Number of protein chains: 4
Amino acid sequence: MRSTFDPPTDPRAYRFCHQVRVRFAETDAMGVVHHAAYLPYLESARVEYLRATGHPYDELRHAGAELPVVEVAVRYLRPLRFDDLVDVHVVVASVRAATVELGYYLAVEGRPRATAVTVHGVTSVTTGRPVRSPRWLHELAAGD
Amino acid sequence: MRSTFDPPTDPRAYRFCHQVRVRFAETDAMGVVHHAAYLPYLESARVEYLRATGHPYDELRHAGAELPVVEVAVRYLRPLRFDDLVDVHVVVASVRAATVELGYYLAVEGRPRATAVTVHGVTSVTTGRPVRSPRWLHELAAGD
Amino acid sequence: MRSTFDPPTDPRAYRFCHQVRVRFAETDAMGVVHHAAYLPYLESARVEYLRATGHPYDELRHAGAELPVVEVAVRYLRPLRFDDLVDVHVVVASVRAATVELGYYLAVEGRPRATAVTVHGVTSVTTGRPVRSPRWLHELAAGD
Amino acid sequence: MRSTFDPPTDPRAYRFCHQVRVRFAETDAMGVVHHAAYLPYLESARVEYLRATGHPYDELRHAGAELPVVEVAVRYLRPLRFDDLVDVHVVVASVRAATVELGYYLAVEGRPRATAVTVHGVTSVTTGRPVRSPRWLHELAAGD
């Protein structure tokens, strides 16, 4: 993993929180949320975070850039269950020349459920080649 | 529903059979396969059926046509469970000017689990507008 | 299909509306929402409807009853796209001795996207056998 | 991450290979397989690996043990596309007192697509508490 960020279980380490209601379709025969279903939660959280910063994902794509996931890592601490209201905390952990790293902390009523990291390329919509990260992404990482 | 086909629970009424192994990810907290997970099974069966007829889906797309789903109906008869090996029987029930109707019968070890119907448009990849169904699709329906 | 309800594309025919934001994970290579992804939208809408009526799904399960899906039918009218905010209108179309039928209308900014019907058994959590529909379900259908 | 295994892109480092055909439902609006869809591929591969060793997952559960995923990490090297036939190579990287670590290498026609690691608890089906890893799991790791 290129990722170096170790996401803490403290909501104050994050810049944004998106709530997700667990769907029944996301549970499995162990009676809990299937581990693959967490990845769309992370995705929704970063989409909503970008929207909240005034730079929605569609704007990014219209500007010719995409953020494909090149790495993902999740630590499952306690199961999520049907109908849980999950707080997905998110932070831009680092922005390099052509990659962005985000950290996540998932909690239910303040109790830890999971942490996660995603690393994204910054690539051209048309060529798929790396492009420079937009300035505003750098500003998010800097905490401005 | 535009569909008029009532799919029988007799494998002899179908022209092709594709086997699917139930994944754990497809189960839900009732301990059975979630009802939404059946739709990708139908999709896999029709993709494999087209491949077996010598007209793989990619060929269709390269020829400029797509088969978007415009209607789907499923009857769930008995639950599917993790690790079940499901026989997905499929038949082209009818082909009209710009729609195709397929019927499905799902069974495990010969015992009925579900029946289903999908209705597809025949549309242009570029414009999304209806186009004429290719001749070979008509021949599949005629049972040639 | 046992279903006899033909869901109209008029929001006034429905009793409840639940909003769903389309996730990127729900799109497919045609650039639109995959047809299977609509089923969890319907599920979320009925879970939220039951919650809004004061009879959340968990209460039903604690009372020993489940509502497994025995039939589903969807008509796809216009594609849904990434980031669409979908209004999922829902109504209890009929309640019989041991089945419940719900109707759905999906729209984006007032424009039709899909209609759907689900038929549910009313079964015992422990035995899986049919049980009588609770009185409050009958009242929902009657429109009280 | 507790994981210490760095999965190589050499098939000879793995003990088993399971083939998965990419479903259209698993693609997204970028025209490639959605990153969350890889996790069920890993799951299928380990289920088939256990079956091939003569210790199917059901046997494990009947013996009272489960292998819940406690960590997952994926590196996406090149996109997977609709209809790709994916070789999912798998190896038991290590077995400790109450955790098991598996490594994966995904390739299409011998060309690298992704690597992954999953870490599993070994827990009781009834209590959810850690239990000792069965002897045969240790033997898999030892390469017997």
Provide the per-residue ³J(HN,Hα) series for region C:65-78, in order, calculated from phi with Karplus coefficients 6.51, -1.76, 1.60 and θ = phi - 60°, each as a whole number of Hz, with x at glycine and proline positions.
10, 10, 10, x, 6, 9, 8, 9, 9, 10, 10, 8, 9, 9
To the nearest 10 degrees, the tilt of helix A:38-52 (Cα long axis) against the first principal axis of the alpha carbons of chain A is 50
3J(HN,Hα) from dihedral phi, region B:103-120, Karplus parametrisation 6.51/-1.76/1.60, rounded to Hz, x for glycine, proline
x, 9, 9, 9, 9, 10, 6, x, 9, x, 10, 6, 10, 7, 9, 10, 10, 10
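With N denoting the number of residues in the protein assembly as shown, provide Rg(C-alpha) divided by 2.2 N^0.38 Å, to two decimal places.
Details: Rg = 23.6 Å, N = 576, 2.2 N^0.38 = 24.6 Å.
So the protein assembly as shown has a normalised radius of gyration of 0.96.
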Taking amide H positions as placed 1.01 Å from N in the peptide plane, with prolines and chain starts having none, which residues 5 or more places from B:ARG21, or on another chain, fall under 5 Å of its amide H?
B:VAL86
Per-residue average of Cβ from other chains inside 10 Å of D:37-49:
4
Residue-by-residue Karplus 3J(HN,Hα) for region A:85-92, coefficients 6.51, -1.76, 1.60, Hz, glycine and proline x
9, 9, 8, 9, 7, 9, 8, 7
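With n ≥ 4 as the cut-off for DSSP H runs, can you work out [θ] at 222 nm for chain D, using -39500 (n - 2.57) per run divided by the number of residues, rounded to the nearest 500?
Working: 3 runs with 29 residues, N = 144.
Helices in chain D give a 222 nm mean residue ellipticity of -6000 deg cm²/dmol.
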What is the local net charge at C:VAL47, summed over the other residues whose Cβ is closer than 10 Å to its Cβ (Lys, Arg +1; Asp, Glu -1)?
0
Length-normalised contact order of region A:82-144 in % [C-alpha pairs under 8 Å, at least 6 apart]
30
Taking Rh as the Kirkwood radius computed over C-alpha pairs, what is the Stokes-Einstein D of region B:86-127 at 10 °C in a medium of viscosity 1.306 mPa s, expressed in µm² per second?
137
Relative contact order (%) - criterion: Cα under 8 Å, at least six apart; region: region C:1-96:
52
Please report, in whole Å, how far the alpha carbons of region A:34-144 spread along each principal axis, starting with the longest.
40, 28, 21
If amide hydrogens are placed 1.01 Å from N in the peptide plane, which non-local residues have theirs closer than 5 Å to the one on C:THR27?
C:HIS34, D:ALA29
Roughly how crowded by other chains is peptide B:70-83, in terms of the mean Cβ count from those chains within 10 Å of each of its Cβ atoms?
5
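For B:95-101, what's the mean count of beta carbons from other chains sitting within 10 Å of each residue's beta carbon?
Values: counts 0, 0, 0, 0, 0, 0, 0.
Rounded to a whole number, the mean comes out at 0.
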Which of A:GLY54, A:GLY110, A:VAL91, positive extreme of dipole for region A:49-144 (C-beta unit charges)
A:VAL91
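Taking the Kirkwood radius as the inverse of the mean 1/r across Cα pairs, report the Rg/Rh of region C:9-72.
On the way: Rg = 14.4 Å, Rh = 13.9 Å.
Rounded to two decimals, Rg over Rh is 1.04.
Could you grab the relative contact order for region B:56-118? Cα pairs under 8 Å, six or more apart, rounded to a whole percent.
Worked out over region B:56-118, it gives 35 percent.
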Collect residues whose amide H, placed 1.01 Å from N in the peptide plane, falls under 5 Å from the amide H of C:VAL125; neighbours closer than 5 in sequence don't count.
C:ALA65, C:GLU66
Can you work out D for region A:67-111 in µm² s⁻¹ from Stokes-Einstein, where Rh is the Kirkwood radius over C-alpha pairs, the temperature is 4 °C and the viscosity is 1.567 mPa s?
104
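If you rank A:VAL119, D:VAL91 by fewest surrounding Cβ atoms within 10 Å, what's the result? Provide the component values of the computation, followed by the final result.
Details: A:VAL119 24, D:VAL91 21.
The most exposed by this proxy come first: D:VAL91, A:VAL119.
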Any idea how far apart A:TRP136 and A:ASP83 come out in nm if each label point goes 7 Å out from Cα toward Cβ?
3.9
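Bear in mind these aren't lab numbers, they're just calculated from the coordinates by the rules spelled out. Bear in mind the structure is a predicted one, so any value in this text is a computation, not a measurement. Cβ coordinates were reconstructed from backbone atoms using ideal geometry, including for glycine residues, and neighbour counts include every protein chain displayed.
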